[in-house]
Each structure stands twice: as C-alpha cells, then as structure tokens.
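Remarks on the structure that follows.
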Amino acid sequence: MSDILSQEEIDNLMKALSSGELDVDDMKDTKEKQVKDYDFARPAKFSKEHLRTLEIIFEHYGRLLATNLPVYLRKNVQVEVMNSEALTYSEFSNALSNPVVLGITNFAPLAGNIVLELAPNLAYAMIDRMLGGQGAPLDKPREFSEIELAIMERVFSTCVELLRVPWENVVEISPRLERIETNSQFAQIISPSEMIALVTLSITIGDVDGLMNICLPYVSLEEIIDKLNTKYWFSTMQDKEDGSYEEAVEMLISKAEIPVKALLGKSSISVSDFASIQIGDVIRLDTKVEDELSIYVGNIRKFTALPGSTGDKYAVRITSVIREEQ
C-alpha cells in the first residue's frame, strides 16, 4: 500500500516534471535484471503448487492406511505426511540401502510405474506381527525369505488398492502391484536423469516408526500435471465427503469374520450317561429329520434352513430370514 501515491503527491510530481526540477531519465531504473540460473540436469518440472497438491492427496492416503492396516496388524497405526520434493530418480535410487522393500506399481491408465518404498524395520515389524509376534523389528537387517516376501506382497497389495480413493478427484486410476524388489538395482523403472516427485510418509506401528517413500515419475504424471493444483483439486472434491468414510467403515466391517453355526437339535442326558458314551451310541435329539434347523450368526438366531450336502461336505440351504421383529 505504501507504493500508492496520494493525489497531492501526484500533483507535486507533475509540477516538478513541468518545471524541470525532476529529470525523467533520472527516474529510470538502471539496476540490472537478475537472471536465474537454469539447471538443465534438473529441469523444474514440478512446481511448489504441484508438490503441495500431492501432499494433500497423500494426507488422505495416510488416513486410509491408518484405518486399514490395523485390520491386518491388530495394532495401532499412525501415518503422517513428512514432506514432498522434486529430484532425479538417480538421487532417489542411490539413497536406498540393501535390503530394501520396493513395491513396483502399475499406475494405469497413466503411463509407466510408480514405486512404494517401505523402511526395512517397518517391514520386519509387520511380518513379525502377522506371524503372531509382538511386532518387533530385527536387531540386524538381513535378506527377506520367500515366505516373508509373500506376506509383504499381501500388505503392499492392500496399500496399492488404497491409492484409488485419494486420486479420484484428479483421475480415475486402477493401480496394480506388479512385483516386490529387495534390491534397488532391479528397480530401474525410468532413466536415472528423469525427474520424480517424492512424497515421504512417517508410519508408526506400536513402538516402531519408519518411513514410506512414494516415488512418482514425471512421465507418469505428465498427462495430468495441469490438474495437480489445489484449485482444481478442491473444485472436483465430492460433495459426499462423509459418504466416503461411511463406505470405508462399511468395507472394514464387511471384512470382519463372524461365526455361523447350524443347530441340529438339543438333548439332555445324565452325567453318568455322558461319561460312558462310546463310538456308535445314539443320542436322541428334540428335532425330527424333516424339521428346519436354526442358523445362528454369533449368538443371534438369524435364519432357518434344511440340512443337506454339497460335494463331500455337509451343508444347509437357507429357507427363511428371521427379522428383528420376529
């Protein structure tokens, strides 16, 4: 606001120019323009706006991870976006240690692949937890076994599937995990000099914390780079934001396992008869062969059914659904 002249100042300036007290040539800016060096080896393909939008996308992704990973790990998981930066792929790959856990992911319909890199201590903690342990990392890193890689493939498949939702405001994607690599030399998905956007997430599983890096090559995002701005992102946000969380909760509930049992019948016998039961003895039930069976979901009587078989297994065929009012 200090650069705006008042009407009195403008009048005084015009008088000074008319009387010759002030020379127009003296008012010209003689300062040389500052020229910014351009590094052709590191072209600025990602602006700060692009990186900020990627952070917003992966903040949403982090919330999904914190909600879905406890289903497998049975432990509290916290995820936070640390930062995002633009660098060359060689700088990313040279910083990787061996062994490392890299999920090479097809980012269809966008071109090329992206890379999800998980810190080894987090991977060991996940494996230990899923095998029944307390979720403690190894004291000394070692190569992953085939069984451990199979377990990590299951975890990575879940992480890759969760990428759909945060990106839907920008583009509909169908990501697919192609393979897991433990050696960074076998994960050369693009030229070392190509630019990438690197988003870093901090993940805490119980008492173990580590980083997950998501490597997004420019060649993969080039098609939608104009959409990676906050104005476009917020303008395309779905009105039913709460609905997406409802769907996420419904999805988690649908994965929960519940016991289902068919009650053939009941009978009462004395303790002495029970103690003397032998193979071939017959226990008389209070139901007939043609009677419908009661099917319980948990401890709730939910269906009636008729007994039968399918293949070489016993089965029941649902005949009616018992409503709450019944």
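The values are calculated or read from the model by the stated rules, or taken from the named source; none is laboratory data. From a predicted model like this one, the values you see are computed outputs, not experimental measurements. Cβ: placed from backbone, ideal geometry, glycine included. Neighbour counts: every protein chain shown.
Here are the numbers for this structure:
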| quantity | calculated |
| --- | --- |
| Filter result for ASN106 (in contact with a Ser or Thr (Cβ under 9 Å, 6 or more places away or on another chain) and not basic (Lys, Arg)) | yes |
| Selection count, region 147-186, where residues are farther than 20 Å from LEU201 by Cα and of a type in the set (Phe, Trp, Tyr) | 1 |
| Per-region count, region 291-326, residues hydrophobic (A, V, I, L, M, F, W, C) and out of contact with any Phe, Trp or Tyr (no Cβ under 7 Å at 6 or more places or on another chain) | 8 |
| Residue, surrounded by the most Cβ atoms within 10 Å (Cβ to Cβ), within region 103-148, restricted to residues that are closer than 30 Å to GLU223 by Cβ and either free of Cβ contacts under 8 Å to residues at least 12 places away in the same chain or not hydrophobic (A, V, I, L, M, F, W, C) (or both) | GLY103 |
| All helices (runs of 4 or more DSSP H) inside region 196-277 with 1 or more residues being of a type in the set (D, E, K, R) and either modelled with pLDDT of 85 or more or exposed (fewer than 12 other Cβ atoms within 10 Å of the Cβ) (or both) | 230-235, 241-254, 271-275 |
| Those residues of region 155-179 which are under 17 Å from THR67 (Cα atoms) and not in a helix (DSSP H, G or I), in sequence order | LEU162, LEU163 |
| Selection count, region 60-79, where residues are within 19 Å of ILE151 (Cα to Cα) and basic (Lys, Arg) | 2 |
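A quick yes/no check of all residues on (1) at pLDDT 90 or above; (2) over 14 Å from VAL100 (Cα atoms); (3) within 21 Å of the chain's Cα centre (by Cα); (4) not aromatic (Phe, Trp, Tyr):
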residue	(1), (2), (3), (4)
LEU131	no, yes, no, yes
GLN134	no, yes, no, yes
ARG142	no, no, no, yes
SER157	yes, yes, yes, yes
PRO166	no, yes, yes, yes
ILE173	no, yes, yes, yes
ILE190	no, yes, no, yes
SER193	no, yes, no, yes
